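Rule-based calculations on the coordinates, nothing more; no lab input. What you see is a predicted model, and the numbers here were worked out from it, not measured in a lab. Note that each Cβ is placed from the backbone with ideal geometry, even for glycine, and that neighbours are counted across all protein chains shown.
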Amino acid sequence: MTASTFNITEEDGRIARLAALAIIIHIAESALPSPLPGIKPGLANIITLLVLFDYGLRTAAWVSLLRVLVGSLLLGTFLSPTFLLSLAGALASLLALAIGRTIPGIGPVGLAVLAALAHMAGQLVMAWWVFLPHPALWKLSPVFMGMALVFGIVSGIIAHAVMQQLNLNSESDMP
Amino acid sequence: MTSPRKNISKQRITLTDIFVISIGLGVVSILSISQWQEKDDADIAIVHNNLGEQIHLSLLDDHTHSINGRLGESQLQISGGKVRFKDSPCNQHVCMRAGWLKESGEAAACLPNGISVVLHSDTPRYDSINF
């Protein structure tokens with residue numbers, strides 16, 4: 001019997017580290033109280049955004065989907081409605097990021113807003129499709145989308161600040 | 001590997017970002033208007049008399065309809081999709097003071113004359129409205 005070997009590439013390690021970071025934020029955020037189910041800042045998406053800028057869409061997709069998977073396992077919501085909503089949101093926001101990053105001149109704030117709106121829209125469509133095919137859901141959509149817009153702007157500003165800081169650090173490392 | 005992050009401008013929010021945010025605001029506004037603007041004007045007025053008979057009056061054509069009750073003739077005026085008791089042979093004129101009825105579910109009645117009006121639409125927002 002041959003022992004199976006895993007070749008852990010540099011990228012694997014990077015994805016694992018970044019996903020771990022995103023999961024920590026995801027878990028910490030789940031402890032925050034929320035006025036309405038489904039409204040939360042989505043700070044873990046800042047990591048997705050940073051990864052997108054630094055390592056591209058492929059790595060960002062890995063980090064985002066691992067975050068959803070492991071986050072749900074740790075919170076005990078794996079395969080529950082919450083998980084499905086989370087997954088739908090993550091996929092929608094990845095799609096938005098893939099399209100959004102081709103827009104010339106777009107910065108972290110614009111991308112974060114696109115991702116946040118897509119995330120919320122994805123969740124709403126999933127909620128409508130699987131759980132709650134009732135018009136009342138759409139009555140709430142302005143609130144949900146409005147909050148997504150606000151939190152998207154906030155996430156983008158934070159992501160930009162982090163990028164500036166990382167740039168400063170890397171410049172001082174390499175004279 | 002050169003990091004594309006280096007190309008990020010020092011500018012926190014670019015013009016494109018503002019454009020994206022504006023589109024987002026537009027989407028939220030359109031959602032708010034389309035989802036929250038209630039239009040529930042009634043289509044028909046259902047009138048009952050003291051004998052329990054029921055007639056349906058369309059609110060689309062303006063006219064004044066007379067209906068006989070216990071005391072005499074009540075006049076219902078329909079104008080611009082609204083209806084009111086224009087005149088009634090009662091003493092207190094509570095029915096007339098109810099004013100114009102517009103939304104589905106709104107109602108007015110002249111109890112002495114036995115005449116009541118309830119507005120109805122195909123997509124009622126409330127089952128009934130009481131004051």
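Would you mind getting me the FRET efficiency between A:Phe6 and B:Ser29? Use the beta-carbon distance for r and R0 = 51 Å, nearest 0.05.
Numbers: r = 52 Å, r/R0 = 1.01.
With a Förster radius of 51 Å, E is 0.50.
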- Query: Hey, in the GNM for chain B with a 10 angstrom Cα cutoff, which one of B:Ser79, B:Ser29, B:Ser104 fluctuates hardest?
  - Reply: B:Ser29
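How many lysine pairs does chain B hold where the Cα atoms are under 28 Å apart and the two sit 8 or more places apart or on different chains?
Close lysine pairs under the 28 Å cut-off: 5.
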- Note on the structure: With the convex hull built on the alpha-carbon atoms of the protein assembly as shown, volume per residue in Å³ sits at 208
- Neighbouring Cβ atoms within 10 Å as the yardstick, rank B:Lys86, A:Lys139, B:Lys10 fewest first. B:Lys10, A:Lys139, B:Lys86
- Task: Grab the beta carbon distance between B:Lys86 and B:Phe19, set R0 = 51 Å, and tell me the FRET efficiency rounded to 0.05.
- Result: 0.35
- Note on the structure: To the nearest 10 degrees, the tilt of helix A:136-173 (Cα long axis) against the first principal axis of the alpha carbons of chain A is 10
- Note on the structure: Exposure proxy check on B:Phe19, A:Phe151: fewest-to-most Cβ neighbours within 10 Å is B:Phe19, A:Phe151
- Query: Against the longest principal axis of chain A, how steep is helix A:57-75, in degrees 0 to 90 to the nearest 10, with axes from Cα atoms?
  - Reply: 60
- If one compares the long axis through the Cα atoms of helix B:15-36 with the longest principal axis of the Cα atoms of chain B, the angle in degrees, nearest 10, works out at 20
- Task: Would you mind getting me the FRET efficiency between A:Arg58 and A:Ser34? Use the beta-carbon distance for r and R0 = 41 Å, nearest 0.05.
- Result: 0.85
- Longest to shortest principal axis, alpha-carbon extents of the range B:44-120, angstrom: 29, 24, 21
- Using all Cα-Cα distances in the range A:1-132, what percent lands in each 10 angstrom bin from 0 up to the longest? 12, 42, 32, 11, 3, 0
- What nm value, rounded to one decimal, do you get for the distance between B:Ile55 and B:Arg70 when each label is placed 7 Å out toward the C-beta? 2.0
- Item | Segments A:69-77, A:128-136, B:60-68 sorted - mean Cβ within 10 Å per residue, highest first | A:69-77, B:60-68, A:128-136
